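**Q** Below is a structure I'd like to ask you about.
Values quoted throughout were computed directly from the atomic coordinates according to the rules given, and no laboratory measurement underlies them. Predicted model only: the values in this text are computed from it and were never measured. Virtual Cβ from ideal backbone geometry, glycine too; neighbours counted across all protein chains shown.
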Amino acid sequence: MRNMTSLLASGIAIAALAVGAQAQKMAQIGMGEGGSPHVKTEWMVGGAHIAITYGRPYLKGRAESTMMPAGLPWRTGADEATVITSDKSLTFGTVTLPAGSYTINTQPGDREWMLLLGTLKSAGQWGVPYVPVLELGRVPMSLGRTALVEQVTYSIDKSANGATLRIEWGTVSVSTPFTIGS
């Protein structure tokens, strides 16, 4: 009986992981000039189709403080601007993005990071230098730690009130909740 219960619990855990894995699709869309793969990751959350397109640089043993300098806006990826696209409005803190495409930057900090959301001026827009006049607003991000993540990784986790955007690189994990409109 105990073996049957363990087998059943294992089956449920595997099924739960399979459902979670199906919620996210990642496709490589090319390589950047610096050797970073570029991907498009897609989710269906709260009835919205959300995609993030970004370059995934490798840490390659470099210091996190050098790659993610505190107090300076960062494209939070490599090469072209990191872009979030949704077919429904998304609200991060006090910043509401109507359905469409927008840039994602962050500003690392010692205790808290800021998510910087901006206007996408044109397809293929470069990620640096940061252009403040395109900024739509800033939202605080919670700062945590994780096991070493070699490449920049974006995730969207479902929550009871919407979803959470999570970004991880090195031993840094930052997140901020958001809601999905109609």
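**Q** Regarding Val139, is this residue of a type in the set (A, V, I, L, M, F, W, C) and in contact with a Lys or Arg (Cβ under 9 Å, 6 or more places away or on another chain)?
**A** no
**Q** Would you kindly identify the strands (runs of 3 or more DSSP E) lying entirely within segment 86-182 that contain at least 1 residues that are surrounded by fewer than 16 Cβ atoms within 10 Å (Cβ to Cβ) and of a type outside the set (Val, Ile, Thr)?
**A** By residue number, 100-107, 135-159.
**Q** Exactly one of (1) within 17 Å of the chain's Cα centre (by Cα); (2) free of Cβ contacts under 8 Å to residues at least 40 places away in the same chain; (3) surrounded by fewer than 20 Cβ atoms within 10 Å (Cβ to Cβ) is unmet by Val39. Its number?
**A** Failing condition for Val39: (3).
**Q** Quick check, is Ala163 within 18 Å of Ser86 (Cα to Cα) and not polar (S, T, N, Q)?
**A** yes
**Q** Something else: What is the one condition in (1) over 15 Å from the mean Cα position of the chain (by Cα); (2) within 22 Å of Lys40 (Cα to Cα) that Val131 does not satisfy?
**A** (2)
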